[in-house]
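**Student:** This is the structure I want to talk about, given as structure tokens.
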Ligand SMILES: [Zn+2]
């Protein structure tokens, strides 16, 4: 069963059961259904949403970049929003609107890429989380949908220690389980490959052009000869100049459903754990305070 089918059934059951509840004064009023979409809430409902979510908000983070010859530019944005919105419906959280202002310098040579400067990426993200927190989101969960953000987001979270903030930034950065599910056919599967294509067959099948997946090569071209622990920014272009890594034609709906269900469930679990986290903000505040007079800090 897909999560959307499940939520449809849940809402049908809810409608049926609500219509059979007698309207006596002893009956507890059911919580009215609230959208998880920030932009769909009225101002008053937003206040209720922040209360209901215990100040927990999701910032699903996508990007606009080429995804092989067969997937849309917004693949990461579409997939991460699908996962985050379904997770928030399981465990209520307010979900910030479309956000795709991340790190993608390595795809500037491809059509449709929007690559903001590093200063803009950091400034916009900081102002966005600051504004979310000013509106009551004291726990901001960045759900990452784009591999190119894997250094940006921990750096952003770490740099929150530079000066006091009255909120915590949490980063959730996994899109597929390590094992399990239908066996995979391809060995390289990093970008627009078997997994990502399969997930898009669940989130937005109408945008997947499987028949085009083999019109370009997603093979590793090994054009750099350096030890594994030496990093350069050009590594990705050296290996995958077509901005395609893997073989999207191997994708199946079964794999997509397994991975998407895992992703939704993992985000919902993270929301639950973060709602229960009473330690991080306390430790942050203690740390900021100590940071004002480091000579007084004792082991
Ligand atoms: Zn992607």
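Coordinate-derived values only; no laboratory data. Because the structure is a prediction, the values reported are computed rather than measured. With ideal geometry, Cβ positions are generated from the backbone for all residues, glycine too; neighbour counts draw on all protein chains shown.
**Student:** Report, by residue number, each residue of region 190-208 that is surrounded by 14 or more Cβ atoms within 10 Å (Cβ to Cβ) and over 30 Å from residue 273 (Cα atoms).
**Tutor:** Within region 190-208, 192, 193, 194, 207, 208 meet the criteria.
**Student:** I'd like the residue in region 69-83 that is buried (at least 23 other Cβ atoms within 10 Å of the Cβ) and near the ligand (Cβ under 10 Å from one of its atoms) and, out of all such residues, is farthest from residue 268 (Cα to Cα).
**Tutor:** Restricting to residues being buried (at least 23 other Cβ atoms within 10 Å of the Cβ) and near the ligand (Cβ under 10 Å from one of its atoms), the top hit is 71.
**Student:** Sticking with this structure for a sec: Can you confirm whether residue 143 is crowded, with 24+ Cβ neighbours inside 10 Å and assigned to a helix (DSSP H, G or I)? Break it down stepwise before answering.
**Tutor:** On the way: crowded, with 24+ Cβ neighbours inside 10 Å: yes; assigned to a helix (DSSP H, G or I): no.
No.
**Student:** Looking at region 27-68, which of its residues are surrounded by fewer than 19 Cβ atoms within 10 Å (Cβ to Cβ), free of Cβ contacts under 8 Å to residues at least 60 places away in the same chain and in a loop (DSSP other than H, G, I, E, B)?
**Tutor:** Those that are surrounded by fewer than 19 Cβ atoms within 10 Å (Cβ to Cβ), free of Cβ contacts under 8 Å to residues at least 60 places away in the same chain and in a loop (DSSP other than H, G, I, E, B): 27, 28, 29, 30, 31, 32, 33, 34, 35, 41, 42.
**Student:** Report, by residue number, each residue of region 98-113 that is touching a residue at least 12 places away in the same chain (Cβ under 8 Å), in a loop (DSSP other than H, G, I, E, B) and within 13 Å of residue 148 (Cα to Cα).
**Tutor:** 100, 101, 102, 103, 104, 113
**Student:** Which residue out of 135, 149 is touching a residue at least 40 places away in the same chain (Cβ under 8 Å) and more than 16 Å from the ligand (Cβ to nearest atom)?
**Tutor:** Result: 135 is the single residue among 135, 149 that is touching a residue at least 40 places away in the same chain (Cβ under 8 Å) and more than 16 Å from the ligand (Cβ to nearest atom).
**Student:** Six or more apart or on different chains, Cβ atoms under 8 Å: show the pairs whose first residue is in region 180-191 and within 18 Å of residue 220 (Cα to Cα) and in contact (Cβ under 8 Å) with a residue 12 or more places away in the chain and whose second is within 15 Å of the ligand (Cβ to nearest atom) and in a strand (DSSP E or B).
**Tutor:** The qualifying pairs are 188/245; 189/245; 190/245; 191/67; 191/245.
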